[in-house]
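Encoded as structure tokens, the structure appears first; notes follow it.
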Amino acid sequence: MAVGLMYTASFENVSITAAAQDVWELVCAAGVGIIVHWVKLDLAPTITSGVAQDERMRLQICERSTTGTGGAAVTARGVHPRNTVAASTVATRTVTTPGTIADILWSDRASIIVPFEKIFTPDLRIPVSGGGRLCLNLAAALSGAFNANSTICWEEI
């Protein structure tokens, strides 16, 4: 059960360019930690002769020691309508020049055909200390640009 304030940040129909990048970067305010609950990423694959063309994307969830550059800030929304407190965490999408990796917490190769969704059970949720940085990193460039939708959910503690 969540004890802090819950937030989501989303984007829709945004081009993920053919470059390694952070799909999401969360930067915590000093003194305000977070726990990541889930993340979803859905790419629109190329259709050739009526068949979706598969490609594997190398995804990592990383802690960063420096903040990346590029991308666009996304305003977080409180999950519950009564949560009118603005998020302290800064969410940025499609960070084109990622910061320095401090630690890789999770890594996988996911198909672009199937929406990628990672829901962390309570014991596996990722805590980030106040002032910390966490990202969903596309570790290797895809074969081309793909339109994507994504949502990330976290709790501020």
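Before moving on, here are some points about what is shown:
- Where a label projected 7 Å from the Cα of Gln53 along Cα→Cβ would reach, residues of segment 121-157 with amide N under 17 Å: 141-148
- The length gained on full extension between Trp38 and Val79, counted as 0.36 nm times the residue separation minus their Cα-Cα distance, comes to 13.5 nm.
- FRET E, pair Leu124, Ser15, Förster distance 30 Å, beta-carbon r, rounded to 0.05: 0.45
- Placing a pseudo-label 7 Å from each Cα along the Cα-to-Cβ vector at Glu117 and Asn149 gives an inter-label distance of 1.1 nm.
- Computing Cα Rg over 2.2 N^0.38 Å directly from the structure and comparing it against (i) 1.02; (ii) 0.94; (iii) 1.16 singles out (i).
The numbers here are math on the coordinates, done by the rules we state, and not lab data. Model, not experiment: these values are computed from the prediction. Cβ coordinates were reconstructed from backbone atoms using ideal geometry, including for glycine residues, and neighbour counts include every protein chain displayed.
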